[in-house]
1. As a footprinting exposure proxy, order 72, 271 by other Cβ within 10 Å, with the fewest listed first.
2. In the chain, what % of DSSP beta bridges are antiparallel (nearest 5)?
3. Run the simple label-point estimate for residue 96 and residue 25 please: 7 Å along Cα→C-beta, distance reported in nm.
4. Among 156, 126, 101, determine the one that fluctuates most according to a GNM of the chain built with springs between C-alpha atoms less than 10 Å apart.
5. Using Cα pairs under 8 angstrom and six or more residues apart, how large is the relative contact order of region 125-347, in percent?
6. Neighbouring Cβ atoms within 10 Å as the yardstick, rank 180, 194, 291, 143 fewest first.
7. Could you let me know the centre-to-centre spacing of region 279-348 and region 119-163, using Cα atoms, in angstrom?
8. Rounded to the nearest 10 degrees, what's the angle between the helix 125-144 long axis and the longest principal axis of the chain, both from Cα atoms, 0 to 90?
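Each reported figure results from applying straightforward, stated rules to the coordinates on display, with no laboratory input. Computed from a prediction, not measured in an experiment: that's the story for all the values here. Neighbour counts run over all protein chains shown; Cβ positions are idealised from the backbone, glycine included.
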């Protein structure tokens, strides 16, 4: 973590917290977390407890439509609090941008392990297996929650999810485009014409991956899911297939598993992992696999569009991560992998 210097008005923040955060005893320090490419995240150190504050980017940033929706993050975590899905407890949301110049919310600071490398090189095979089983259990649990039962029935529209998502990420890619990407152009044309039939709706995280989870210090248990910015109501297989991109991305650029041959001891194959999810959610394995390559193509396209958005913010000087510009090297390989998945889907 790195110190915060003149990022916003600390006194104004303290006054607001004293009024809205129960038990607030005064700020001792504010420390910015280095990770994250989108919404800046800070640790608030107080006399009684530590909290995490997550806020929109700096006021000068040109925000894309529907991006950086911290209000939605707050709402979904509040809704899931009593479901068994592990989310940090949220305390207060400030939509008044006059307080620190941007909207923000405050939640508990969860202490535990962050695992960045999906190959888990420092973990024994038995624990690798347990960690992957736990991730599978948690995403299946999330997709099993009834949105209406937890006050999230209106968190998104129940129909047309894939059409809207393809349209959204196409627009956001166009808004951030800095150079021609042939594979993206092919995907923009191909995806709307190959959406699988049928509608299915669940609460989807949108960015469910290992490094957005906090694990217990002494067990493989997931104690918190972070970064709910992309959450909505959508198709669970779109969400789960994004989580499975690890098996389709290389280790050096993306901390993936595709080039680790033979397979890492203790980590299931993608097919085994899909089977676990299908068993937990009562889904047909054959049905899940029938359009798998479409969902992979979509998610690689979406990830390329997200990377391009980070590049644009880096060029404008508004990115929240010092190495955001490195995403320039990711857009083309992600789009190319997405088009390869699309061709497999067409061939099937």
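1. Listing 72, 271 from fewest to most nearby Cβ atoms yields 271, 72.
2. Beta bridges within the chain, antiparallel portion: roughly 100 percent.
3. 2.6
4. Per the Cα network of the chain with a 10 Å cutoff, 126 tops the list.
5. Working: 292 pairs, mean separation 58.1, N = 223.
RCO, region 125-347: 26 percent.
6. Least crowded to most crowded, the residues run 180, 194, 291, 143.
7. Centre-to-centre distance over Cα atoms comes out at 18 Å.
8. 80
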